[in-house]
Amino acid sequence: MDALAALFSKPEKILDELVPHITDGPFGPMIHHPLLIEIAFDPEHAALINQRFKAIKESAEKLWKDGNYSGYVFRHERPYRLEAFARCMSHLNSKQYWQMLESVWIDSENIWQHKKLWKSLWNSKTPNKEFVMNEEDRGYLARLPDNIRVYRGVNRASNQKGLSWTLDREKAKWFSTRFTSAKTKSRLIIAEVDKKHVHAYLSGRSENEIVADKVKVLEIVK
């Protein structure tokens, strides 16, 4: 505790590596670095932040050196894990590629920001794509009809043709109102997709999720 208290009050400048990642946040200045996000950055506590960052960076470098690519990816802050995964791809076998892609996808909250990259990754020619699903999800997808009715809830027009859909209409309606404001408009997208164009069925987020990019929109409900 004495060491922590000393760091808390020790006068020190923030590391040069972190300076470019200082930006405006909801509560004033914040740090938004791939390995460290500080929502409220107080320069008076720079010594404590510096030590935390050094420890995290050292851990990430060791994970990479040891070939623990999953650990390396998830040592990054959530918004940066996709980019970390992309750096690991050439070191992964096909099974690892698809299993890790699924893990990063399930964990992601900013899919729309990297739609082009996600689309490229899901359409990869890497073999053994079945490993993106567990055995139960593979069986569930196999039992679905050739033409699958899917739904997507959005509150931005630009998000209408995303990769993430659901078999659950009510879940889609919930997503359409999740982050509404005076400037947004909720929409329920009703669509259909040929099963041969489905990348995966995923139950990991309890969303009955269908991942697909060749979807035919049938109706938009306001």
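One residue is enough: does the stretch 87-104 have a residue meeting the conditions aromatic (F, W, Y), more than 13 Å from the chain's Cα centre (by Cα) and under 22 Å from A212 (Cβ atoms)? Can you show your working first?
Of the residues in the stretch 87-104, the ones aromatic (F, W, Y) are 97-98.
Still in the running and more than 13 Å from the chain's Cα centre (by Cα): 97-98.
Narrowing further to those that are under 22 Å from A212 (Cβ atoms): 97-98.
Yes, the stretch 87-104 contains at least one residue that is aromatic (F, W, Y), more than 13 Å from the chain's Cα centre (by Cα) and under 22 Å from A212 (Cβ atoms).
Can you pull out every residue in the stretch 189-207 that is of a type in the set (K, R) and either within 16 Å of L218 (Cα to Cα) or in contact with a Leu (Cβ under 9 Å, 6 or more places away or on another chain) (or both)? Break it down stepwise before answering.
Going residue by residue through the stretch 189-207, those that are of a type in the set (K, R) are 195-196, 205.
Listed by number, the list holds a single entry, K195.
Evaluate the following for A84: is it at pLDDT below 95, at negative phi and small (G, A, S)? Spell out how you get there, then give the answer.
Numbers: at pLDDT below 95: no; at negative phi: yes; small (G, A, S): yes.
Answer is no for this residue.
Inspect all residues belonging to the stretch 157-165 and state whether any of them is more than 27 Å from R81 (Cα to Cα) and exposed (fewer than 11 other Cβ atoms within 10 Å of the Cβ). Working first, answer last.
Taking the stretch 157-165 and keeping what is more than 27 Å from R81 (Cα to Cα), we get none.
Looking for residues that are more than 27 Å from R81 (Cα to Cα) and exposed (fewer than 11 other Cβ atoms within 10 Å of the Cβ), one finds none in the stretch 157-165, hence no.
Among the helices (runs of 4 or more DSSP H) confined wholly to the stretch 33-109, which include 2 or more residues that are hydroxyl-bearing (S, T, Y)? Working first, answer last.
Values: elements: 46-65, 69-74, 81-88, 94-107.
Once the helices (runs of 4 or more DSSP H) in the stretch 33-109 are filtered for at least 2 residues that are hydroxyl-bearing (S, T, Y), what remains is 69-74, 94-107.
For the stretch 84-95, enumerate the residues that are surrounded by 15 or more Cβ atoms within 10 Å (Cβ to Cβ) and either touching a residue at least 40 places away in the same chain (Cβ under 8 Å) or in contact with a Ser or Thr (Cβ under 8 Å, 6 or more places away or on another chain) (or both).
Result: A84, single match.
So T23 passes all but one of these: (1) of a type in the set (S, T, N, Q); (2) surrounded by fewer than 18 Cβ atoms within 10 Å (Cβ to Cβ); (3) assigned to a helix (DSSP H, G or I). Which condition number does it fail?
T23 satisfies every listed condition except (3).
Test of understanding: among P127, P145, which residue is more than 27 Å from Q96 (Cβ to Cβ), touching a helix residue (DSSP H, G or I) at 6+ places or on another chain (Cβ under 9 Å) and assigned to a loop (DSSP other than H, G, I, E, B)?
On the way: P127 fails: more than 27 Å from Q96 (Cβ to Cβ).
Just one listed residue meets the conditions, P145.
The values are calculated or read from the model by the stated rules, or taken from the named source; none is laboratory data. Quick caveat, the model's predicted, so the values are computed rather than measured. Here Cβ is always computed from backbone atoms with ideal geometry, including for glycine, and neighbour counts include all displayed protein chains.
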